[in-house]
Structures are given as C-alpha cells and as structure tokens.
Amino acid sequence: MTKVLLAVHVLAAIMAIGPVAVAASMFPAAVRRAGQEGTGGVATVRTLHRICRVYSAVGLAVPAFGLATANSLHVLGDTWVIVSIALTALAAAVLALFILPRQDAALAALGSEPAAVDREATVRLAMATGVFNLLWAVVTVLMIVRPGSTTGV
C-alpha cells in the first residue's frame, strides 16, 4: 500500500503542482503583453489564471497523499518531513493569499482598461511566483535527499 500512496503522491505533485508553477510563471508577462495589445491577450491571461485556480485545488491531493505516505512509512516525526510540511504550507499560503488574489486583480484591471495594468504589481506577482516555485523546489529536494532518514536512500 505504501508504494501505491507514494506513486499517487508523486503523480499528483507532477500533474498538479507542475501546471500551477508554469502557468503562474507565465502569467505576469502575459498580463503585460495583454495590457499592451489590448483585449487580444486577455483570453490567454484568463486561461493561465484558470489553470492556476483549478490545479491548485487538485494540488490539495499532494499533501494529503504525502501525509498518508509518511504515516505508512512511519516517518511523520522525521525532521525532513516536518520541514517539508511547513514549506508546503508556506507555498500554499503564498499561492492562496498572494498569487491568486493578485491574478484576480490583474484580470480585473485588464477587463476595465487594458492600459491600466500596473507594471510594479506584475513584478511583485512574478517575485511571489518565484518564491512559490523555489519553495516547491526545496520540498522536492527534501523528498529526494531525505536528510537524516533511516528508511534508506
């Protein structure tokens, strides 16, 4: 059963977090382009935002199956798991509290007046997305390296 949980956990991470990371990274530049082009690029921006929203909801499976896997391996108390859980929670907070609301605001600005896109806001959004992606990269490395783990390499 542990192998099934681990497989689902890894697949969920690839299939859910990957699209959010890519779409969120593409979003700020797409907003700037749409602001310059007018309404032509708004459809692309909407699609990227929809990808982020939908896949972030699907991404809830990642920590759920991760916790189930860690429990079946009896490593829930290991430092690398606790740090991974904390970083995952932080990444989720960055996504839910900063990235998605700022994407909503950018879409609203594009809808009202495309030229009104705030360049500084898109830069801050890009930086937050970079932090989100960096957090997931660290979690991924922790999942692979598992410092201090006694379950093998």
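Quick one: pull the percent of accessible area on the stretch 52-153 belonging to carbon and sulfur, 1.4 Å probe, ligands and nucleic acids left out. Result for the stretch 52-153: 70 percent of the exposed heavy-atom area is carbon or sulfur.
Give me the dipole magnitude in Debye, nearest 20, for the chain about the Cα centre, with unit charges on the beta carbon: positive for Lys and Arg, negative for Asp and Glu.
That gives a dipole near 180 debye.
Neighbours of C52 by Cβ distance under 14 Å: Lys/Arg scored +1, Asp/Glu scored -1, total +3.
Just add up the charged neighbours of S25: K/R +1, D/E -1, any other residue whose Cβ is under 15 Å from the Cβ of S25. The answer is +4. For the residues S112, S56, a 1.4 Å probe over the protein chains yields an accessible-area ranking, largest first, of S112, S56. Rolling a 1.4 Å probe across the protein heavy atoms gives the stretch 60-140 an accessible surface of 52 Å² per residue. Taking the empirical scaling 2.2 N^0.38 Å for compact globular proteins as reference, the stretch 24-70 has a Cα radius of gyration ratio of 1.60. Evaluating kT/(6 pi eta Rh) at 10 °C and 1.306 mPa s, with the Kirkwood radius of the chain over Cα pairs in the Stokes-Einstein relation, gives 96 µm² s⁻¹. Positive end of the dipole of the stretch 11-124 (Cβ unit charges, origin at the Cα centre): among L97, L76, V20, the Cα lying farthest that way belongs to V20.
The values are calculated or read from the model by the stated rules, or taken from the named source; none is laboratory data. If you're wondering where the values come from, they're calculated on a predicted model, not measured in any experiment. Virtual Cβ from ideal backbone geometry, glycine too; neighbours counted across all protein chains shown. For accessibility, only protein heavy atoms count, side chains too; no ligands or nucleic acids. Shrake-Rupley method; radii C 1.70, N 1.55, O 1.52, S 1.80 Å.
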